[in-house]
1. Tally time: how many residues in region 241-253 are closer than 16 Å to residue 287 by Cα and either open to solvent by 10 Å² or more (accessible area, probe 1.4 Å) or touching a His at 6+ places or on another chain (Cβ under 8 Å) (or both)?
2. Is it the case that residue 15 is open to solvent by less than 10 Å² (accessible area, probe 1.4 Å), in contact with a Leu (Cβ under 7 Å, 6 or more places away or on another chain) and without any contact (Cβ under 8 Å) to a residue 60 or more places away in the chain?
3. Going through region 289-305 one residue at a time, which ones are in contact (Cβ under 8 Å) with a residue 40 or more places away in the chain and open to solvent by 20 Å² or more (accessible area, probe 1.4 Å)?
4. Contact list please: Cβ distance under 7 Å, first residue in region 260-285 and open to solvent by 30 Å² or more (accessible area, probe 1.4 Å), second residue assigned to a helix (DSSP H, G or I) and of a type outside the set (S, T, N, Q), pairs at least six apart or on different chains.
5. Out of all the residues in region 213-232, is one or more open to solvent by less than 20 Å² (accessible area, probe 1.4 Å), part of a loop (DSSP other than H, G, I, E, B) and of a type in the set (Ser, Thr, Tyr)?
6. Across region 337-355, what is the total count of residues that are within 17 Å of residue 92 (Cβ to Cβ) and part of a helix (DSSP H, G or I)?
7. Could you please give the count of residues in region 31-41 that are open to solvent by less than 10 Å² (accessible area, probe 1.4 Å) and more than 22 Å from residue 76 (Cβ to Cβ)?
8. Determine, yes or no, whether residue 100 is within 28 Å of residue 259 (Cα to Cα), within 18 Å of the chain's Cα centre (by Cα) and in a helix (DSSP H, G or I).
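The values are calculated or read from the model by the stated rules, or taken from the named source; none is laboratory data. Keep in mind the model is a prediction, meaning the values are calculated, not measured. Positions of Cβ are backbone-derived with ideal geometry, glycine not excepted, and every protein chain shown enters the neighbour counts. Accessible surface is based on the protein model in full, side chains and every heavy atom, while ligands, DNA and RNA are left aside. Shrake-Rupley method; radii C 1.70, N 1.55, O 1.52, S 1.80 Å.
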Amino acid sequence: MSKLFEPLTIKDVTMRNRIAVSPMCQYSSNDGMPNDWHFVHLGSRAVGGAGLVVVEATAVSPDGRISPADSGIYTDDHVEPFARITGFMEQHGAVSGIQLAHAGRKASVHKPWEGDDSISEEQGGWETIAPSAIAFGENIPKVPRQMSIEDIKRVQSDFVASTKRALAAGFRFLEIHFAHGYLAHEFYSPLSNQREDEYGGCFENRIRFLMETFAAVRNVWPENLPLAARLSVTDWIDGGVTVEESIKLARRLKDAGLDMLDVSHGFVTPGVDAVPWSPGMMLPHAERIGREAEIATTTSWLITEPQQAEEAVSSGQVDMVMLARELLSDPYWPYHAAKALGDDVAKDILPVQYARAVQ
């Protein structure tokens, strides 16, 4: 058996292989509700053989949505439709995961295919909030309102309530979104956080929102289930987040109960030219952080080929690979990867309804 298709056990949860479906926004919800599109989209990737399927960035409050069409889990009414999806995914062998998020100053925008730009309140948008009253810029010129301490506590309470709903919906893997220029990353990065209170300035203050939010979620998420965080470990720009800082943060999060770090990057400011776009570009960073922080890691970003994924896992660079666009174009990538790697597990990946016809 190739290493890519060895099971991975974290706490009391075992994933059948080291292939995960990365959270990918579908911009297809109404008031946050998952629907038949999500059922088919996520269910297809479970049927296709992924070990873990993670639901897209799912807002913990209405104002935390990126767009009006974002997934949400901010009311009890969201639980039942998500439970339908998790039940199907688990029935077909995939561990069901969800990523909880708040978009911060990058909220209230149109869908990507409708402009990906700020929506005014007259157009149905809403007031955005952030650590500081600084706009993201370019296509998102809306200036957010600087959060008060009361706002911070409210958002943290929203994360707790959404965590409880995720558990009730049957999710067994939870990831908190601390990346991509959304609210938590906005607190972490000096480029977006110019506060002068206990939530801004030095490293200790800038990570306070992340650490408090994580601790609050950890307190209500069962100890026997995996808790992960996606972190932008570098902003790729002077004055922003650095890998060295992120190693320190990863150690703190591990001590607080983090089980896996999803290593990502950037997107807190527009127009950064220094991103070294290349196949597997985040794998060296994930390997370093995993080694120095002594924590399980995963990453995505231009991991596309079976042998590339196999080498990333077998060499110890990561414990699991996250695939996004590649799994949009081929929901059965795990099956095709097993065949390409010559792994006998290929015959057991697909459900019998498909396997009888293609093998």
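1. Qualifying residue count for the region: 6.
2. Values: open to solvent by less than 10 Å² (accessible area, probe 1.4 Å): yes; in contact with a Leu (Cβ under 7 Å, 6 or more places away or on another chain): yes; without any contact (Cβ under 8 Å) to a residue 60 or more places away in the chain: no.
No: the conditions fail for residue 15.
3. Going residue by residue through region 289-305, those that are in contact (Cβ under 8 Å) with a residue 40 or more places away in the chain are 289, 292-296, 298, 300.
Matches in region 289-305: 292, 294, 296.
4. Short answer, once both residue conditions are applied: 285/243.
5. There is no residue in region 213-232 that is open to solvent by less than 20 Å² (accessible area, probe 1.4 Å), part of a loop (DSSP other than H, G, I, E, B) and of a type in the set (Ser, Thr, Tyr).
6. Residues that pass the stated criteria total 9.
7. Residues flagged as open to solvent by less than 10 Å² (accessible area, probe 1.4 Å) and more than 22 Å from residue 76 (Cβ to Cβ) within region 31-41 amount to 0.
8. Numbers: within 28 Å of residue 259 (Cα to Cα): yes; within 18 Å of the chain's Cα centre (by Cα): yes; in a helix (DSSP H, G or I): no.
Criteria not met by residue 100.
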